[in-house]
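Working notes, structure below.
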Amino acid sequence: QLDEFAAADGEEASRIFAALMIEHHRAGIEMAEYAVLNGENEDVASFARSMITGQSAEIDAMRAVLAELG
């Protein structure tokens, strides 16, 4: 995927970047959810919940970019 991204330019590079970032943020959400459900430290759980919110917003932004690009 990174090779495809490196070879792309213009709108195609933007599409690939957005798709890669969506997957990156989804993985971050999964890790944060695990911390919320399985962690014992409330500070960590609180931070993880804020990460879920932030990463979800980033996914929405990247989806908007993809929609704009068509």
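Please go through region 11-29 and give me each residue that is over 10 Å from the mean Cα position of the chain (by Cα) and open to solvent by 60 Å² or more (accessible area, probe 1.4 Å), ordered by number.
From region 11-29, those over 10 Å from the mean Cα position of the chain (by Cα) are 11-17; that's our starting set.
Correct list: Glu11, Glu12, Arg15, Phe17.
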When every residue in region 32-64 that is among the hydrophobic types (A, V, I, L, M, F, W, C) and closer than 22 Å to Leu2 by Cα is compared, the one surrounded by the fewest Cβ atoms within 10 Å (Cβ to Cβ) is Ala64
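The values are calculated or read from the model by the stated rules, or taken from the named source; none is laboratory data. Keep in mind that what you see is a predicted model, and the values were worked out from it rather than measured. Every residue, glycine among them, receives a Cβ derived from its backbone with ideal geometry; neighbour counts consider all protein chains shown. The protein model used for the area step is the full one, side chains on, heavy atoms only, and it has no ligands, DNA or RNA in it. Shrake-Rupley method; radii C 1.70, N 1.55, O 1.52, S 1.80 Å.
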